[in-house]
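In what follows, a single structure is set out as structure tokens and then discussed.
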Amino acid sequence: QVQLVESGGGLVQAGGSLRLSCAASGNIVSIYTLGWYRQAPGKQRELVARITSGGSTNYADSVKGRFTISRDNAKNTVYLQMNSLKPEDTTVYYCNARLSTVATGGYYGYWGQGTQVTVSS
């Protein structure tokens, strides 16, 4: 069974930094993409940043230049370094992985449980 375990959320003042981590486990054969999404109450979940197995990245316009996504393939872990945080970044952040396992063979998407990020003004 695939698990995505997130950590690193919390409370920070505007202009501060946080680093989110997400570790994937569970008979994983290969991970194609790893990404971070966020969802504010009453709104759709939106992409924050995503990184492929080859290292290609894409970011939401609202976080470009402030957030950096990276991955450690040996640890099946993705990171999101968030700098210059703004109050509007406050919400729950979810880790996403598109990966294959011994059981499934093909690639499927999985979600973490979410971690709260709160930026005070």
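The values are calculated or read from the model by the stated rules, or taken from the named source; none is laboratory data. Everything numeric here is computed off the predicted structure, so don't read it as measured data. With ideal geometry, Cβ positions are generated from the backbone for all residues, glycine too; neighbour counts draw on all protein chains shown. Calculation scope for accessible area: heavy atoms of the full protein, side chains included, ligands and nucleic acids excluded. Shrake-Rupley method; radii C 1.70, N 1.55, O 1.52, S 1.80 Å.
Here are a few things to note about the model shown:
- When the Gaussian network model of the chain links Cα atoms closer than 10 Å, the mean-square fluctuations of Gly65, Gly54, Gly35 top out at Gly54.
- Fraction of alpha-carbon pairs over 15 Å apart in region 1-67 - percent: 66 percent
- Where only C-alpha atoms are counted, convex hull volume of the chain per residue in Å³: 96 Å³
- Chymotrypsin sites (Phe, Trp or Tyr not before Pro) within region 33-89, DSSP loop, no more than 11 other Cβ atoms inside 10 Å: none
- Accessible-area composition of region 62-121, carbon plus sulfur, in percent [1.4 Å probe]: 49 percent
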